[in-house]
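Take a look at the structure set out below.
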Amino acid sequence: MKKPQFVSMDLGTSYTLVYIEGQGVVYNEPAIVAYNTREQRIVAVGTDAYNMIGKGNRTLKVIRPMMNGVITDIKATLGQLRHIFNKLRIDKQLQGCVMLLACPSKITALEKRALEKIGLSFGASRVFIEEEAKMAALGGGINIDAPKGSLIVDMGGGTSDVAVIASGDIVLSDSIQVAGNVLNEEVLKLIRSEHGLEIGIKTAEAIKIKIGSIGRYNDENSLKVHGRDLVSGLPREIIVYPDEIRDTLRAVVVKIIDLVVTVLEKTPPELAGDIYTSGILLCGGTALLKGMDKYFSESLGLPVRIAQQPLLAVINGTKKYQSYLLDLMKREKELKALKNDETLKL
């Protein structure tokens with residue numbers, strides 16, 4: 001019997017990624033949908049929709065199907081995935097495939113069932129739902145099957161997930177709606193209050209990415225920023241320096257570190273001992289802020305490392321998880337055959 005095609009997706013707050021066995025990551029774009037409200041249809045998804053943020057009109061609505069780790073619009077999620085699959089022209093590959101969806105830990109059982117139905121509606125024979133933190137640990141090089149405790153901190157766009165993993169699964173986890181999007185908003189507020197300049201969320205994100213840091217670094221540069229003057233209402237340019245926004249970013253990151261402390265306080269002693277030696281793995285886009293690993297290590301007194309590809313840790317983990325799912329399906333098939341044989345004997 002031919003092995004089914006394997007397809008996996010990272011349904012994050014900020015980005016959606018699609019992996020197809022044999023082809024690699026075929027889609028990696030912002031998790032944003034642009035609607036024409038008058039015609040009730042999707043006009044753009046991904047990068048095209050992202051470019052419309054702050055530049056819409058009365059009939060254009062730009063939304064994120066998933067916000068702060070929660071699916072805000074299941075209809076938009078369905079439309080987003082349909083648009084992506086049509087763009088990739090992979091309808092045939094989806095028929096009879098095994099689909100793995102990596103989602104934030106905060107989604108409800110009802111949302112999981114809805115996502116499973118969506119996957120089946122596209123032709124998948126089986127749909128599996130796994131937490132992003134577990135997949136990120138696997139993608140970050142952690143042997144999750146080992147009887148050893150590991151701590152993963154996945155800092156995405158909408159949420160930061162902290163999980164202790166051992167013996168193949170999550171032992172305990174928690175999350176906070178503090179991550180990249182909150183950092184963007186805080187930068188936006190700072191520029192407004194300190195410079196009297198109104199900027200868009202995309203500009204705030206650009207400031208964070210280009211000059212944002214948690215600690216000082218070599219070759220710090222300033223950045224020219226354009227926006228609307230709050231007093232005159234006219235366009236204006238300012239220059240922003242890294243040290244202006246450093247304390248603002250650090251104040252947000254402290255909340256994530258506090259969550260790590262809370263999880264560690266609940267961790268069984270034996271696993272805590274493992275974490276003391278193995279340290280903490282950071283992944284997700286927010287982990288790329290300059291000085292993040294050093295700040296975590298100094299704050300917690302533990303070794304800290306950043307995943308080799310922090311933005312791709314989750315999708316890379318889904319690739320590795322494929323063999324586990326195929327083994328699981330094989331065992332299910334053997335067990336079913338055994339039960340059928342016993343039934344016939346009776």
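A few remarks follow.
- Of all the listed residues (LYS112, LYS92, LYS148, LYS117), the sole one being more than 17 Å from VAL260 (Cβ to Cβ), basic (Lys, Arg) and outside any helix (DSSP H, G or I) is LYS148.
- Picking from residues in region 298-331 that are in a helix (DSSP H, G or I) and free of Cβ contacts under 8 Å to residues at least 12 places away in the same chain, the one that is farthest from GLU21 (Cα to Cα) is GLU298.
- Subset tally (residues that are within 23 Å of the chain's Cα centre (by Cα), of a type in the set (Gly, Ala, Ser) and either modelled with pLDDT under 85 or not assigned by TED's automatic domain parsing to the domain that holds PRO104 (or both)) for region 55-91: 2
- Hits in region 213-247 - residues which are in contact with a Phe, Trp or Tyr (Cβ under 9 Å, 6 or more places away or on another chain), outside any helix (DSSP H, G or I) and of a type outside the set (S, T, N, Q): ILE214, GLY215, GLU220, LEU223
- Residues that are more than 14 Å from the chain's Cα centre (by Cα), of a type in the set (Phe, Trp, Tyr) and either part of a loop (DSSP other than H, G, I, E, B) or within 21 Å of ALA76 (Cα to Cα) (or both) within region 1-31 comprise TYR19, TYR27, listed in sequence order.
- For LEU60, the conditions (1) out of contact with any Leu (no Cβ under 7 Å at 6 or more places or on another chain); (2) surrounded by fewer than 18 Cβ atoms within 10 Å (Cβ to Cβ); (3) within 22 Å of SER121 (Cα to Cα) are fulfilled apart from (3).
- Flag for ILE53 being buried (at least 19 other Cβ atoms within 10 Å of the Cβ) and in contact with a helix residue (DSSP H, G or I) (Cβ under 6 Å, 6 or more places away or on another chain): no
- If the condition is being in contact (Cβ under 8 Å) with a residue 40 or more places away in the chain and farther than 21 Å from GLY301 by Cα, then region 242-260 contributes GLU244, ILE245, THR248.
- Qualifying residues in region 98-151 (those that are among the hydroxyl-bearing types (Ser, Thr, Tyr) and modelled with pLDDT of 90 or more) - the one nearest to the chain's Cα centre (by Cα): SER150
- Scope region 188-215; condition polar (S, T, N, Q) and more than 26 Å from the chain's Cα centre (by Cα); matching residues: SER193
- Residue satisfying all of: in region 35-50; buried (at least 21 other Cβ atoms within 10 Å of the Cβ) and among the small types (Gly, Ala, Ser); farthest from ALA109 (Cα to Cα) among these: ALA49
- Number of the exception - VAL263 against (1) touching a residue at least 40 places away in the same chain (Cβ under 8 Å); (2) more than 25 Å from the chain's Cα centre (by Cα); (3) closer than 21 Å to LYS294 by Cα: (2)
Each row is one residue, and each column tells you yes or no for (1) at pLDDT below 95; (2) not β-branched (Val, Ile, Thr).
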| site | (1), (2) |
| --- | --- |
| SER278 | yes, yes |
| GLY285 | yes, yes |
| GLY291 | yes, yes |
| LEU302 | no, yes |
| ILE306 | no, no |
| GLN309 | yes, yes |
| LYS320 | yes, yes |
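- Flag for TYR27 being touching a helix residue (DSSP H, G or I) at 6+ places or on another chain (Cβ under 7 Å), touching a residue at least 24 places away in the same chain (Cβ under 8 Å) and more than 20 Å from LYS117 (Cα to Cα): yes
- Among the residues making up region 164-212, those that are closer than 20 Å to PHE296 by Cβ, β-branched (Val, Ile, Thr) and assigned to a helix (DSSP H, G or I) are VAL182, ILE209.
- Residues (within 22 Å of GLU132 (Cα to Cα) and assigned to a loop (DSSP other than H, G, I, E, B)) located in region 269-297: GLY279, GLY284, LEU289
- Residue in region 23-30 that is over 21 Å from LEU120 (Cα atoms), touching a Leu at 6+ places or on another chain (Cβ under 9 Å), surrounded by 20 or more Cβ atoms within 10 Å (Cβ to Cβ) and assigned by TED's automatic domain parsing to the domain that holds LYS75 present: no
- Across region 247-266, the number of residues qualifying as touching a helix residue (DSSP H, G or I) at 6+ places or on another chain (Cβ under 7 Å) and hydroxyl-bearing (Ser, Thr, Tyr) comes to 1.
The values are calculated or read from the model by the stated rules, or taken from the named source; none is laboratory data. Quick caveat: nothing in here was measured; it's all calculated off a predicted structure. Cβ sites come from the backbone with ideal geometry, for glycine too, and all protein chains shown count toward neighbours.
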